[in-house]
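Read the structure below first, then the notes.
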Amino acid sequence: MKVLKPAFITLLIGSVFAGCNNQPTDPELLRIPYTSTLDQEQHHFFLYLPAGYKDRQNDWPVILFLHGDGERGNGNNELDYVMIHGPLYEAWIQKRNLPFIMIVPQLPMFGRDTLGYDYLSKRDKSKIPKRLKEGVPDRPANFPTNYPMMGSIAADSLPYITLPQGWDLVESDLIGILDNVKAQYHVDKNRIYLTGLSYGGFGTWHMASVHPNLFAAIAPIVGWGHPSLMKPIADANIPVWAFSGGRDRVVPTTYFYPGINELEKLGDTRVRFTVEEDMGHDTWKRVYSGDDIYHWFLHYQLNHP
């Protein structure tokens, strides 16, 4: 793993304007079809091309984003739900100039909309944010956290390795989507980054564990990693920045420590763990709306050609 110098990162972030006498071309959001290995039917994923993509032929870094439980769908007329949170929300809805190609697939329901979760069975498409012609919409309020900050102690045991009906079930589709984008677009194969929130945080740990030589850095948010997943990640010395919410009662901080401690024990020297003590489960709002995570990603690239 090669660490890039800050000067290079500054150059990259500003490079969408470099060499352009006029305003750079606008960003694009494409719906790309693919055939799923699960049902052999056609679905779609979002592909975001940043401002200036068409103005220069050099390769761009990539973010593969895995959404949370509430944004599942059929990958067709429900795909827009994946724009509610995450880097794509920041780039497309909030119109931030983030210099990444973004790949945003949708996790199928796998029957979870029949289990009585109102956030799935009673969700409303009118709540999906829209890109405005002028300006940007107001950001939604944070989840209420009407209880004190108490800190957390490491758990003695963990309830599961991966969440049920999770991203591990579509691993082949994710790799196929990524391979397709690498073949068809100007992708820097040494700078592919992986991040996800909640269910997608768990998926991030899984994908990094089974494909440790693919990602230049990973950032799982409010999703902990099981110790059994850590050896391949540590062997590849993947840079990891994990995030938890101190007031998160959905995915408590206590479950993060066993895996992260195991990762360090096995020799991964690029491990960061941030607990946003005042935040709840929606810690991702603070993380993705800031700049630090994007700058941190761009510090790293793989060594292979």
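Read-outs throughout are calculated quantities, based only on the coordinates presented, and are distinct from any laboratory measurement. As the structure is a computational prediction, the values presented were derived from the model and not from experiment. Counting neighbours? That spans all protein chains shown, and the Cβs are built from the backbone with ideal geometry, glycine included.
Using a 10 Å Cβ count of at most 11 others and DSSP loop calls, identify the longest part of the chain lacking such trypsin sites (Lys or Arg not before Pro). Show your work: numbers first, answer last.
Working: sites that count: Lys122, Lys130, Lys133, Arg249.
Here the longest segment lacking exposed loop sites spans 1-121.
Distance from the Cα centre of segment 37-78 to that of segment 132-190, in angstrom?
After rounding, the separation between the Cα centres reads 13 Å.
Does segment 159-304 classify as rounded, prolate or oblate by the C-alpha gyration tensor (a ≥ b ≥ c root eigenvalues; a/c under 1.5 gives rounded; else a/b over b/c gives prolate, otherwise oblate)? Please report the intermediate quantities before stating the final value.
Working: a/c = 1.43, a/b = 1.38, b/c = 1.04.
Taking the square roots of the gyration eigenvalues as a ≥ b ≥ c, segment 159-304 is rounded.
How about segment 29-125: which chymotrypsin sites (Phe, Trp or Tyr not before Pro) there lie in a loop by DSSP and see at most 15 other Cβ atoms within 10 Å? Walk me through the numbers on the way to the answer.
Values: sites: Tyr34, Phe45, Phe46, Tyr48, Tyr53, Phe65, Tyr81, Tyr89, Trp92, Phe100, Phe110, Tyr117, Tyr119; in loops: Phe100, Phe110, Tyr117.
Answer by residue number: Phe110, Tyr117.
What FRET efficiency would be calculated for the residue pair Ser172, Asp113, taking the C-beta separation as r and a Förster radius of 25 Å, to the nearest 0.05?
On the way: r = 23 Å, r/R0 = 0.92.
Once the sixth-power term is evaluated, E becomes 0.60.
In the neighborhood of Ala155, defined by Cβ-to-Cβ distances under 15 Å, what is the net charge if each Lys or Arg adds +1 and each Asp or Glu adds -1?
Net charge in that neighbourhood comes out at -2.
Taking a quarter of the surface of the Cα convex hull of the chain, what do you get in nm²?
Taking the Cα atoms of the chain, their convex hull projects to 16.2 nm² on average.
Using 28 Å as the Cα-Cα cut-off, could you pick out the over-long pairs in Lys127/Lys189; Lys133/Lys182; Lys95/Lys127; Lys133/Lys285?
Numbers: Lys127/Lys189 35 Å; Lys133/Lys182 31 Å; Lys95/Lys127 18 Å; Lys133/Lys285 23 Å.
Flagged as over cut-off: Lys127/Lys189; Lys133/Lys182.
Normalising by the residue count of segment 147-305, find the relative contact order in percent from Cα pairs under 8 Å and 6+ residues apart.
25 percent
Within the chain, what percent of beta bridges assigned by DSSP are antiparallel, to the nearest 5? Let's see the in-between values first.
Values: 13 of 35 bridges.
Of those bridges, close to 35 percent are antiparallel.
Which net charge results for the neighbourhood of Lys182, defined as the other residues with beta-carbon distances under 11 angstrom from its beta-carbon, given Lys and Arg at +1 and Asp and Glu at -1? Mind dumping the intermediate values first?
On the way: positive: Lys189; negative: Asp59, Asp179, Asp188.
Around Lys182, the surrounding residues sum to -2.
Could you pull out every one of the aspartates and glutamates with an alpha carbon less than 17 Å from that of Lys122, ignoring same-chain neighbours closer than 8 positions?
Asp69, Glu71, Glu78, Asp80, Asp113
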